[in-house]
1. Modelled label-to-label distance, A278 and K308, 7 Å Cα→beta-carbon offset: nm?
2. Let me know the volume per residue of the alpha-carbon convex hull for the range 547-690, in Å³.
3. Exceeding 22 Å between C-alpha atoms, which entries from my cross-link table qualify? They are K71/K618; K580/K655; K339/K593; K317/K389; K64/K602.
4. To the nearest 0.05, what FRET efficiency results for A8 and S100 with a Förster distance of 56 Å applied to their C-beta separation?
5. Place a +1 charge on the Cβ of each Lys and Arg in the range 306-381 and a -1 charge on the Cβ of each Asp and Glu, then give the dipole magnitude about the Cα centre in debye, rounded to the nearest 20.
6. Assuming 0.36 nm per residue, please report the length gained on full extension of the stretch T53 to A92 beyond their Cα-Cα distance.
7. Under 5 Å between amide H atoms, partner at least 5 residues away or on a different chain: which partners does A70 have, H built in plane at 1.01 Å?
8. What span do the alpha-carbon atoms of the range 78-136 cover on each of the three principal axes, reported in whole Å from largest to smallest?
Amino acid sequence: MSPEQRAAELRAEIEHHEHAYYVLDKPDISDAQYDALVNLLKALEAEHPELVTPESPTQRVGGKPREGFAKVAHSRPMLSLDNAYNEAELRAWAERVTTSLPASDAVEYTCEYKLDGLSLALHYEDGQLVRGLTRGDGSVGEDVISNVRTIRSVPLRIAATKLDAAGLPSTFEVRGEVVMPQSAFEELNRQREAAGQAAAANPRNAAAGTIRTIEPSIVAQRRLDFYAYFLLRDGDTLLKSQQATLDALRTAGFRVNPQARTVKTIDEVFGFIAQAEAERDGLGYEIDGVVIKVNATALQKRLGFTGKAPRWAIAYKFPARAGVTQLRGVLFQVGRTGKLTPVADLQPIFIGGTTVTRATLHNADEIQRLGLKIGDQVSVERGGDVIPKITQVVEDKMHPRGTQEIVFPTVCPRCGEPVVREEGEVDWRCVNASCPARLEEELRHFASRGVMNIEGLGESLVAQLLGHTVAETVETGEGEESVAEAPTREALVHSVADIYGLTLEQLMGLERIGQKSAESLLAEIEKSRSAPLSRVLLGLGIRHVGERTAQTLAEEFGGIDALISATEEDLTRVNDVGPKVAEAIREWFANEKNLLLVQRLKDAGLRMTAEKRTRGTKLTGMTFVLTGTLPTLTRDIAKEKIEAAGGKVSGSVSKKTTYVVAGEDAGSKLEKAREMGVAVLDEAGLLEML
Ligand code: IVH
């Protein structure tokens, strides 16, 4: 057998087992046998690199998109659904449906679970997955294909035999929902907690954040799932009914909600809803209702859309899970930026499977909005969220009001320095740069997964390094607050850089740490010295500098020294860096203490340079605004070309605009350019400059 045939054979075999495991939940070989097959394929591909294809099962975790995610227009808008919150609203919808259709048309309803995730459009060409678009603003989404590939229940290619069996052409679009299963979500939060990070609020947010992460290997670890529910071709529904669509998707190898059912009467729909509510807690993933769709495509077409939602479908939402309990008090947590967050201390109450004792109150405005007083009876909701919220004060004969005012502290609960509220801001902050709460949060952030990845340096160890004893650590349920009392032992760490000077003896002197864990922690710290500059920048905890910005800054400036000496102008010339971010960066590097920290991290051997992105210089210093439709270039490509030549693209016309590039149907931006006397180019003019 030729290597090529052998590779094809192995791939088909692996794909079969992946489908059994990840789509059907019915593995037919052991994990070890599966791994062995993958290893055989990897070895073969290593020997014959020319045989590697993007659809090979070995390529699920590939490189990250260098330029971020490309924006792509949807084949037809990704709309949302109208909601029904009770029986009457659902019956009214069914009534509208039947009365708008000729009496001869018997309406069937397809009922599906409403998965609590985010929608995604997968494009297949020639049976191969080529794009995976997020909803975006509904008309234009972002292509997160490198992350979608890591989702094991998404087929990377579909064999012709399967397409035939499903009655599908080889080029089509599948829409569906990405969800994070409960188990994956809990695992993620365990890790986040161990790394001292705040818990993700709910599986939907976690899934949404994950799908836009620029590092596919992180996405792969989080185990997302994809459930398909629509099949389109060139923006049109492909098959003659929703039920046929679901069946075809299943045959083609997609994961489809197994509980979906087509029924003939609205009473049967209520039967389905009752069953869904009963099964909800045992599914392993979150659903927040049931979606009801008119089954026949022909009838869907006749019913049409209202602009923001189809008339032929509706979401029946489950009632939120709520309960009433008493507000016992308010605690104040101090975050990494010094921000004080009020947290409600509640009389324990059992809601939707867990005991709730804390709820976030966000800020002073929220307390005022609710009109809260200590002792009040409050309505607490957990809408699939991990962190519950207070929705209102309950007041009636059975629930008398509380009387004690909530007073925001005038001094930081951790360091005792006065707190301030800046003009126009809602948050109170402790501005003492040496507040122990800050250092604690800085350390946790620096060491966390996705930043410097120092495994083992989590909440409890950070507290100990700062001199607290284990007994003082209080569990708040949110993995946020940690220490109640003043330090009782000398701190081993006074700055993030001190992590790199820790010794085995020091670590072994801490409570609950044996030689083994001390050694592995030191190895983790050692390993972090070679983390790329983008991670180090992220680890510094500069306000507004997240993963993406840190990555861009590293690539644009190529080293920390260039960044330190960058002016606000240099910074805003970089894509994605606006004046607010630039100011935060400048402010951070203008601080002596921070510069000292950078120097000490440098001395500790951390990576302070990165490969600089090379750019042309033809358009350096020029800012372009694109408007209208250009004859040959898409916006994205025009933008790419301008940036590659050193120019910047901005969304609005201002004094800083050098040229407005106008295409067909250019609107107000072109007008504004004329008013302001900004030079206008057409595509040809732009190409000439390039
Ligand atoms: S159909 C034209 N089916 O719910 C609208 N949506 O609230 C197509 N969702 O944006 C949506 N499960 O993200 C449909 N079985 C299901 C769904 C579902 C979850 C989401 C979807 C949509 C949102 C609307």
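A short reminder: the numbers here are calculations on the coordinates, not readings from a lab. Keep in mind that this is a model prediction, so the values were computed, not measured. A quick note on method: Cβ atoms are made from the backbone with ideal geometry, for glycine too, and the neighbour counts reach across all protein chains shown.
1. About 3.6 nm, to one decimal.
2. Cα convex hull per residue, to the nearest whole number: 112 Å³.
3. K71/K618; K64/K602
4. FRET efficiency, A8 to S100: 0.60.
5. The dipole of the range 306-381 has a size of about 300 debye.
6. 8.8 nm
7. Residues meeting the amide H criterion: D143.
8. 42, 29, 18
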